[in-house]
Structure formats: structure tokens, C-alpha cells
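Shown next, in C-alpha cells, is the structure this report addresses.
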Amino acid sequence: MKFINVIFIFCLLVLTGCGFKVIDPNSFEKYKFSEIQISGDDKVVYLFKNYLKAGNNNAPNSIKLKVDTKKTKQISEKNIQNEVTKYKITINAEVNYYDINQNKSEKFSITKEGDYDVSTRYNTTLNNEKTLIKNLIKNISDQILKNLLLRLNDN
């Protein structure tokens, strides 16, 4: 019984002192974007600018962000009559950031892809494509903010 208590106390001390700190991806209190440059497809650029409006304007640390996006659309599936039934969209984002206060510059890349169905109505097919693009860009922008927080708080 004593041995089990000693092991329990030892495990408790080791696990609580590991230094693990949860990073909230929605909190950008210490950083602000002084400049955001996004290039690529016009629709993709517009959606990225809407999603990357994070940060505190009164924050002491400034970041310059440059995102180069590339959207590709490929045929994913065809049926027996050789008609397209699914398309695959891939969005690649090359992110360069520069921390002005620390003179630190790094680069990383994020790629997301997804499929959407072709409907018998053209309007429904367009809505499927727009919804997929919007979801992919939302996921990529969340991943960009998480990566920035991890890389900037790593110091």
C-alpha cells in the first residue's frame, strides 16, 4: 500500500511539473498585424482577408504577414457515361511572416483539399463549390493562426 502511494505521488509530481501550457488559438493579445499581403485567386484572397482579421491593435509586437495562395480544381470522379460526378479542390497557402520586434522571419506551408459533388442543377453545383472553398479557407486560416502562435510563443 505504501508503494502504491509513493508511485502515485511521484507520478503526480512529474505530470504537474511538465511545463505544458495550453495556447488559445483565438487569443492574439500580444501581437497585431501591421501588414497583410495576400495574393492568388480574387475570391480566395477576399475570404482570407476576412478570416485573418485577428489581433489587438494596441499590442506591443507587430507582425508582417504575406500569404501566397494557389487554388487548383481537378476532376475526381467520372461515371460510366464519362460525365464528371465529383471535383477535387486543393488550396495551398505559402505563409511568410516577419516579427518586427525580434527581427525574426520564417516561412511555412499549409495545404488542404476537399471534394464536392456535381449536381444536375448548375446552381447547386456552384453552391457546393463555394461552400467547399469557404470551409477550406476557414480551416487554413485557423491553421495559420495556430502555427503563428506556436512559432511566436516558442521563444
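The values are calculated or read from the model by the stated rules, or taken from the named source; none is laboratory data. All values derive from a computational prediction rather than experimental measurement. Quick reminder, even Gly has a Cβ in these numbers, built from the backbone with ideal geometry, and neighbours come from all protein chains shown. SASA here: full protein model, heavy atoms, side chains in, ligands and nucleic acids out. Shrake-Rupley method; radii C 1.70, N 1.55, O 1.52, S 1.80 Å.
For residues in region 95-144 being closer than 19 Å to Lys64 by Cβ and aromatic (Phe, Trp, Tyr), which is most open to solvent (accessible area, probe 1.4 Å)?
So the residue we want is Tyr98.
With closer than 15 Å to Tyr31 by Cα and open to solvent by less than 70 Å² (accessible area, probe 1.4 Å) as the only criterion, which of Asn58, Asn79, Asn147 stands out?
After applying the criteria, what remains is Asn147.
Just to check your reading of the model, which residue among Lys32, Lys2, Lys21 is open to solvent by 90 Å² or more (accessible area, probe 1.4 Å), at pLDDT below 90, of a type outside the set (Ser, Thr, Tyr) and closer than 22 Å to Leu150 by Cβ?
After applying the criteria, what remains is Lys21.
Of these, Asn82, Asn101, Asn147, which one is in a helix (DSSP H, G or I), modelled with pLDDT under 95 and not charged (D, E, K, R)?
Of the residues listed, the single one that is in a helix (DSSP H, G or I), modelled with pLDDT under 95 and not charged (D, E, K, R) is Asn147.
Of all residues in region 66-101, how many are under 23 Å from Phe33 (Cβ atoms) and of a type in the set (Gly, Ala, Ser)?
1
Going by the conditions given, is Asn50 open to solvent by less than 90 Å² (accessible area, probe 1.4 Å), modelled with pLDDT under 95 and in a helix (DSSP H, G or I)?
Spelling it out, Asn50 is indeed open to solvent by less than 90 Å² (accessible area, probe 1.4 Å), modelled with pLDDT under 95 and in a helix (DSSP H, G or I).
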